[in-house]
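The values are calculated or read from the model by the stated rules, or taken from the named source; none is laboratory data. Values in this document were obtained by computation on a predicted structure and should not be read as measured data. Cβ placement follows ideal geometry from the backbone for every residue including glycine, while neighbour counts extend to all protein chains displayed. The accessibility values were calculated without ligands, DNA or RNA, using every heavy atom of the protein model including side chains. Shrake-Rupley method; radii C 1.70, N 1.55, O 1.52, S 1.80 Å.
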Amino acid sequence: MEIRWQPGHLVRARRELKPLLSQARWVVEVGDARAPRASRDRLLSEQVPAARRIVVLTHADLADPQATRAWLRALRAAGEEAYAVRAHRPSGLQPLQRRLAPPRARPPAGLRGVRLGTAVTLQRAVVVGLPNVGKSTLINALARRSRARSEARPGTTRGPQWIQASEGLELLDTPGVLAPMGVRGERAYLLAALGMVSDRSFPVWEVAVWLVERLGLPDPALGSAEATLEGMGRGWGLVSRSGAVNTEETALRLLQQFRRGSLGRHTLEEPPRVPAEPGR
Ligand SMILES: Nc1nc2c(ncn2[C@@H]2O[C@H](COP(=O)(O)OP(=O)(O)OP(=O)(O)O)[C@@H](O)[C@H]2O)c(=O)[nH]1
Ligand SMILES: [Mg+2]
């Protein structure tokens, strides 16, 4: 399968992103904990030295917790600074918040203990990643206010927008971008299942069947993943007057249930094997 989904504002955003990356102390590269490899944009991350890059995996509440721990270990072993978060909840964001916070100027030795005006240097972070990965949601949680528009569909943020997150910290929300040459093979199924490309840009039945297989849902009594999915459609009452299952609606219903977490917590990409750190 191949997906070519490049609305005009995504193409423009990709072009505009390059100079913005050099304007900030940090580049926060947002990925999805349910597919940490496929949901990252390599072309983008290669433009930023690892010392300025922070990887944040969103949707940790919907991913398999054990797999998320293994992914974080693997990313850190590969030299990345990485965090996993539930971006739609501010709790649990403190380690990332502390990391992004601007350094406070230390008062001179003789004035320690005296209350001085807060001298903070302004720090900026650019937040980047694929469409619908949770960039705007993460920014709102860090800012503890709804400043950036976030919605459950790819392509919501249409232009870059600086947002004051806290004293001395500005975050740049950016539109999600995709590599211009399209997405193919296994990665196309993963991004489609996670909702990172428009549902109109891929065959939804094919992706839903792939997901049924990937999640190990095929019912042995029914045989194939297709038959299982059809059975689900019947169970949901998605049947036309002639008695045929409405495949499009059935596929979309399954994808929505998966994306919402109604099918349980799943990580779709196997983490690389890295030995556990002692004491963890
Ligand atoms: N359960 C859960 N939902 C999340 C999380 N992060 C984001 N979401 C949801 O994912 C959807 C997309 O979030 P956005 O913040 O709009 O994504 P974005 O990366 O800004 O998307 P674009 O602007 O289209 O590039 C929204 O419905 C959020 O509520 C998370 O960690 N857990
Ligand atoms: Mg957005």
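For this structure, a couple of remarks:
- Accessible solvent surface per residue of region 183-260, calculated while the other protein chains remain in place, 1.4 angstrom probe, Å²: 49
- Adding -39500 (n - 2.57) for every DSSP H run of four residues or longer, then dividing by how many residues the chain holds, sets the calculated 222 nm ellipticity at -10000 deg cm²/dmol.
- Computed E for V239/H88 - FRET, C-beta separation, R0 45 angstrom, nearest 0.05: 0.85
- Legend: P(r) of region 183-260 from all alpha carbon pair distances, 10 Å bins from 0, whole percents, reading 20, 52, 25, 3.
- Accessible-area composition of the chain, carbon plus sulfur, in percent [1.4 Å probe]: 50
- Candidates Q161, Q66, Q256: whichever shows maximal mean-square fluctuation once the chain is modelled as a Gaussian network with Cα springs under 10 Å: Q66
- Most mobile of G231, G243, G264 in a GNM of the chain (Cα contacts under 10 Å): G243
- Total charge dipole magnitude, region 183-260, about the Cα centre, Cβ charges on Lys, Arg, Asp, Glu only, Debye to nearest 20: 260
- Counting every alpha-carbon pair across the chain, the share separated by more than 34 Å comes to 26%.
- DSSP-loop trypsin sites (Lys or Arg not before Pro) across region 228-270, with at most 12 other Cβ within 10 angstrom: R241
- The coefficient of translational diffusion for region 1-77, derived via Stokes-Einstein from the alpha carbon Kirkwood radius under 4 °C and 1.567 mPa s, stands at 92 µm²/s.
- Structural size metrics of region 111-261, computed from C-alpha coordinates, are Rg and Dmax of 22.0, 84 Å.
- In nm, spacing of pseudo-spin labels at E249 and R184 (7 Å Cα→C-beta vector): 3.7
- Region 1-96: chymotrypsin sites (Phe, Trp or Tyr not before Pro) falling in loop per DSSP and having at most 15 other Cβ within 10 Å: none
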